[in-house]
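Chemist: Let me begin by handing over the structure; questions about it come next.
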Amino acid sequence: MSIDVNELVQRFSWADYLVFVAMLLVSAVIGIFYGFCGKKENDTKEFLMAGKSMTTFPVAMSLIASFMSAITLLGTPSEVYQFGFLYWLVGFSYFLVMPAAAYLYFPVFHEIQVTSAYEYLEMRFSRPVRWLGSATFILQMCLYMAIVVYAPALALAQVTGLNVYLSVSLICFVCIFYTTLGGMKAVLWTDALQMVIMYASMLFVIIKGAVDVGGFEYVWQKNVEGDRAELISFDPNPTTRHTFWTLIIGGYFTWVTIYGVNQAQVQRYLCVKEKYMAIRALWINLAGLFILMISCAFGGMVVYAKYWDCDPIASGTVTKGDQLFPLFVMDTLGTWMGLPGLFVSGIFSGALSTVSSGMNSLAAIVLEDFIKAGCYPNISEKKATWTTKGLSLFFGLLTFALVFVAEQLGNVLSAALGIFGMVGGPLLGVFTLGMFFPWANSKGAFFGLWVSLFFTLWIGVGHQVSKHNGLIDQPMKPTSIAGCNFNGSITSFTSALTPSALTVESLISEEPVQQEEALAIYRLSYMWYSATGCFTVIVVGMIISLITGTQNVRKLDPRLVSPGVFWFKRFIPKIDGLGEDYEDEVVLSDTKISAPVGNQNLGFESDKPNGYTVEKESSKL
């Protein structure tokens, strides 16, 4: 086999550019429509929450597109090619995630009807906890968006020869245009369009590729021979990268962080007209996520069946695992005019959907948590609207700048999920502490979140440093270059063999090399980061709460507790009378929420709190 990358790049024809440009133009037109021709109310609720007028379909598509982006489309096939099919098990964690998000976390946010999810933390604990949570989310989302932009830029560079940074600029500025102009409605409808493109491109590429290499049976057989067809592993070692436990249990905590308490997703849930629409969207999202993830995992097996005897990485054809799938697309479909353009459009669609969602949610966070609840509480509606648009622009530009950090993080899939674990785990922990542990107080939440952030970042950064220094090795599945045609020259792949040569040299040298050992905690699988962060908050938070005096559960607003607590109320000690003595008013930004004593609307069935009144006031902080 011989792969000429220059020849593959030339296959990207005018038809492919036309398909790709058409996708960008349609996205921009949607932004223009909702910016100028849509509903005329010029207020922040319209810009950030789509006027709470959306229905199930666009929200369901947006939920899928927002976090199953280019990371999934590029990272999953690369993961399976290099480490095996075992990663497919993460799809089953979604069957735990979606019910938890729909029936344990979402009802709380729906009941209190907030714009920023972190308003909950002030209502439940205190304003410092809210600010710390908001700042943590901003850090997490900015890094994640940078990775999402960098991944498709690699793909585009591989198949068209365009400079990576030119590609990054194109993604960022198209996204900035329609997000800033059209607000949440433009984001949701472009997400729906982009989701269709993502599915169409991936399914066609995978099916056509499998047929070309010899059919599905041939694909499976080659992966069995290459030791990649492992379906399950019950290895209990938490340092093993992927096992049943890391992918199902660890995967649950990783993904419930996103679908349970992440601002970008919560904001979408609250855009719908009725509560049942959001729950229905989550169930549709479950089916969509599972099918897309399994398809992408099988795509990795198809890529291996194509290159089983001429590994593109070892032969020097590509330099990163994330470039494998784009290479496969051009090698397999490059002669079909328009199809490579459809694939590139799908990759770009994934990036655009995630970045637009992130920009909008970050604007909402800063406006609600730091401007209205901080430095400028009396901001007018007109100024608030322009501020949100300015914030969307700012975070788009910041994402572009952080791409230079993202390119140093290596494998995009593990880097993205690692960031969600390191930063998202503590955030999941503080929300879980508030919703499921009525005795927790504000001091426990604040110090629990700080300790958890420090602990998980220490583990994650230590892992990256140790891996960079060669102290942690991630053994990949075996590959071969026996079938490569180098035209009598081996210079193109000798650099890929250098690490192996050095290893052999060190083994036969007279003086053995003293290899340092990385700390055991640094070897923890990245899929456990979120669970570690979550439980650290809960444990530390409850200890501090017990030391400083627990929350009086009788005086706690019952809307701030998950329905799951009430389902098992009879089995939980010291929880009798929860919320019965609650009579208070909570003022957040410009909204006052009052509740009568002993309100028993604990089933969260109505669209508005039964017995609660919501009225506008001048900001009372």
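The values are calculated or read from the model by the stated rules, or taken from the named source; none is laboratory data. Only a predicted model underlies this, so the values are computations on that prediction, with no experimental measurement involved. When we count neighbours, we look across all protein chains shown, and the Cβ atoms used for this are built from the backbone with ideal geometry, even at glycine. Remember, those area values only see protein heavy atoms, side chains included, never the ligands or the DNA or RNA. Shrake-Rupley method; radii C 1.70, N 1.55, O 1.52, S 1.80 Å.
Chemist: List every residue pair whose Cβ atoms sit under 9 Å apart, with the two residues 6 or more apart in sequence or on different chains, where the first one lies in the stretch 271-287 and is touching a residue at least 12 places away in the same chain (Cβ under 8 Å) and part of a helix (DSSP H, G or I) and the second, anywhere, is surrounded by fewer than 18 Cβ atoms within 10 Å (Cβ to Cβ) and among the acidic types (Asp, Glu).
Modeler: Lys275/Glu605; Lys275/Asp607
Chemist: Looking at (1) at pLDDT 80 or above; (2) among the β-branched types (Val, Ile, Thr); (3) open to solvent by 10 Å² or more (accessible area, probe 1.4 Å); (4) within 27 Å of Ala373 (Cβ to Cβ), which is the one condition that is false for Val174?
Modeler: Result: Val174 passes all but (4).
Chemist: What pairs can you find where one residue is in the stretch 534-545 and under 13 Å from Leu453 (Cα atoms), the other is open to solvent by 20 Å² or more (accessible area, probe 1.4 Å), and their Cβ atoms are less than 6 Å apart, with a gap of 6+ or different chains?
Modeler: As it stands, the answer is Cys534/Phe253; Thr536/Phe455; Val540/Val451, since those pairs meet every condition given.
Chemist: Specify the residue that is farthest from Pro107 (Cα to Cα); the eligible residues are those in the stretch 527-577 that are in a loop (DSSP other than H, G, I, E, B) and in contact with a Pro (Cβ under 8 Å, 6 or more places away or on another chain). Outline the logic, then answer.
Modeler: Just the residues of the stretch 527-577 that are in a loop (DSSP other than H, G, I, E, B), to begin with: 549-552, 556-557, 561-562, 568, 572-577.
Those left that are additionally in contact with a Pro (Cβ under 8 Å, 6 or more places away or on another chain): 551, 556, 561-562, 575.
Working: Gln551: 22, Leu556: 17, Val561: 9, Ser562: 7, Ile575: 20 Å.
Filtering first and then ranking leaves Gln551.
Chemist: Also, quick follow-up: Looking at the stretch 298-320 only, could you name the residues that are among the aliphatic types (A, V, I, L, M) and surrounded by 23 or more Cβ atoms within 10 Å (Cβ to Cβ)?
Modeler: Selection gives Met301, Val302, Val303, Ala305.
Chemist: With (1) more than 30 Å from Phe204 (Cβ to Cβ); (2) of a type in the set (Gly, Ala, Ser); (3) modelled with pLDDT of 90 or more as the list, and Ser93 as the residue in question, which single condition is left unmet?
Modeler: (1)
Chemist: Let me ask you something else. Go through Pro99, Pro77, Pro58 for me and flag whichever is crowded, with 18+ Cβ neighbours inside 10 Å, at pLDDT 80 or above and either of a type in the set (S, T, N, Q) or within 21 Å of Met277 (Cβ to Cβ) (or both).
Modeler: Going through Pro99, Pro77, Pro58 in turn, just one is crowded, with 18+ Cβ neighbours inside 10 Å, at pLDDT 80 or above and either of a type in the set (S, T, N, Q) or within 21 Å of Met277 (Cβ to Cβ) (or both): Pro58.
Chemist: What single numbered condition from (1) among the β-branched types (Val, Ile, Thr); (2) in contact with a Leu (Cβ under 9 Å, 6 or more places away or on another chain); (3) in a helix (DSSP H, G or I) fails to hold for Val318?
Modeler: Here Val318 clears every test but (3).
Chemist: So, one more: Considering only residues that are within 32 Å of the chain's Cα centre (by Cα), surrounded by fewer than 22 Cβ atoms within 10 Å (Cβ to Cβ) and of a type in the set (S, T, N, Q), which ones fall in the stretch 526-561?
Modeler: Matches in the stretch 526-561: Thr536 only.
Chemist: Under 8 Å between Cβ atoms, at least 6 apart or on separate chains: pull out the pairs that start in the stretch 355-380 with a residue that is farther than 26 Å from Met145 by Cα and charged (D, E, K, R) and end on any residue that is open to solvent by less than 10 Å² (accessible area, probe 1.4 Å) and assigned to a helix (DSSP H, G or I).
Modeler: none
Chemist: Here is a follow-up. Tell me whether the stretch 285-295 contains one or more residues that are under 23 Å from Gly226 (Cβ atoms) and either of a type in the set (Gly, Ala, Ser) or crowded, with 24+ Cβ neighbours inside 10 Å (or both).
Modeler: Checked against the condition, which is being under 23 Å from Gly226 (Cβ atoms) and either of a type in the set (Gly, Ala, Ser) or crowded, with 24+ Cβ neighbours inside 10 Å (or both), the stretch 285-295 yields at least one hit.
Chemist: Taking the stretch 68-97, which residues are in a helix (DSSP H, G or I) and over 18 Å from the mean Cα position of the chain (by Cα)?
Modeler: Val80, Tyr81, Gln82, Phe83, Phe85, Leu86
Yes/no matrix, rows are residues, columns are (1) out of contact with any Leu (no Cβ under 8 Å at 6 or more places or on another chain); (2) under 17 Å from Leu292 (Cα atoms); (3) not in a helix (DSSP H, G or I):
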| position | (1), (2), (3) |
| --- | --- |
| Ile347 | no, yes, no |
| Ala351 | yes, yes, no |
| Thr354 | yes, yes, no |
| Ala363 | no, no, no |
| Val366 | no, no, no |
| Phe370 | yes, no, no |
| Gly374 | yes, no, no |
| Pro377 | no, no, yes |
| Ala384 | no, no, no |
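Chemist: Quick one: how many residues across the stretch 246-284 are farther than 19 Å from Ser93 by Cβ, surrounded by fewer than 23 Cβ atoms within 10 Å (Cβ to Cβ) and of a type in the set (Ser, Thr, Tyr)?
Modeler: Total satisfying the criteria: 1.
Chemist: If you don't mind, there's one more thing I want to ask. Mind checking which residues of the stretch 224-238 are closer than 12 Å to Leu89 by Cα and either touching a residue at least 40 places away in the same chain (Cβ under 8 Å) or surrounded by 15 or more Cβ atoms within 10 Å (Cβ to Cβ) (or both)?
Modeler: Across the stretch 224-238, the qualifying residues are Glu230, Leu231, Ile232, Ser233.
Chemist: Would you say Ala135 is buried (at least 24 other Cβ atoms within 10 Å of the Cβ), among the aliphatic types (A, V, I, L, M) and out of contact with any Cys (no Cβ under 8 Å at 6 or more places or on another chain)?
Modeler: For Ala135, the condition - buried (at least 24 other Cβ atoms within 10 Å of the Cβ), among the aliphatic types (A, V, I, L, M) and out of contact with any Cys (no Cβ under 8 Å at 6 or more places or on another chain) - is not met.
To keep it simple, each residue is scored yes or no on (1) within 22 Å of the chain's Cα centre (by Cα); (2) not basic (Lys, Arg).
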position: Ala153; (1), (2): yes, yes
position: Ser169; (1), (2): yes, yes
position: Val196; (1), (2): yes, yes
position: Leu203; (1), (2): yes, yes
position: Lys208; (1), (2): no, no
position: Tyr218; (1), (2): no, yes
position: Gly226; (1), (2): no, yes
position: Glu230; (1), (2): no, yes
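Chemist: Quick one: in the stretch 321-345, of everything that is assigned to a loop (DSSP other than H, G, I, E, B) and touching a residue at least 24 places away in the same chain (Cβ under 8 Å), which residue is surrounded by the fewest Cβ atoms within 10 Å (Cβ to Cβ)?
Modeler: Applying the filter and picking the extreme gives Thr335.
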